[in-house]
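Undergrad: Sending over a structure as structure tokens; questions will come in a sec.
The values are calculated or read from the model by the stated rules, or taken from the named source; none is laboratory data. Owing to the predicted nature of the structure, the values given are computational and were not obtained by experimental measurement. All Cβ positions, glycine included, derive from the backbone under ideal geometry; neighbour counts span all protein chains shown. Ligands, DNA and RNA are excluded from the accessible area calculation, which covers all protein heavy atoms including side chains. Shrake-Rupley method; radii C 1.70, N 1.55, O 1.52, S 1.80 Å.
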Amino acid sequence: MMEAIYRVVGKGPSHEMYWEEFEEIFSKDFDGVEDSFCRRECLQGQPKIKGLCGPMYDGEHMGYPVVRYESWAVYDMMSK
């Protein structure tokens, strides 16, 4: 059963943002799990992925929390 929707956001060659959504995270590049109890409960225990910023809360969709990961280029662009 799906527990969350995972959204991965990247930046294209023309600097446009694009994203894909998944019901599960498939990666061989896990870098631990989110263990901060100061974060939302839906983020606790979510995987950290090498090369991506996250996990971050990105609202809800169809009653499920959306867990967002961003490329560092997107993170830098959105943080300015």
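Undergrad: For Val8, all conditions in the list (1) surrounded by 14 or more Cβ atoms within 10 Å (Cβ to Cβ); (2) without any contact (Cβ under 8 Å) to a residue 40 or more places away in the chain hold save one; what is the number of the exception?
TA: (2)
Undergrad: Just give me the residues in the range 21-47 being under 17 Å from Pro65 (Cβ atoms) and either part of a strand (DSSP E or B) or open to solvent by 100 Å² or more (accessible area, probe 1.4 Å) (or both), in sequence order.
TA: Glu21, Phe22, Glu23, Glu24, Val33, Phe37, Cys38, Arg40, Glu41, Pro47
Undergrad: Return the only residue of Gly51, Gly45, Gly12 being closer than 22 Å to Asp76 by Cβ and more than 12 Å from the chain's Cα centre (by Cα).
TA: Gly12
Undergrad: Here's another thing I want to ask about it. Considering only the range 48-80, how many residues are out of contact with any Cys (no Cβ under 6 Å at 6 or more places or on another chain), open to solvent by less than 60 Å² (accessible area, probe 1.4 Å) and assigned to a strand (DSSP E or B)?
TA: Summing the residues that are out of contact with any Cys (no Cβ under 6 Å at 6 or more places or on another chain), open to solvent by less than 60 Å² (accessible area, probe 1.4 Å) and assigned to a strand (DSSP E or B) in the range 48-80 gives 13.
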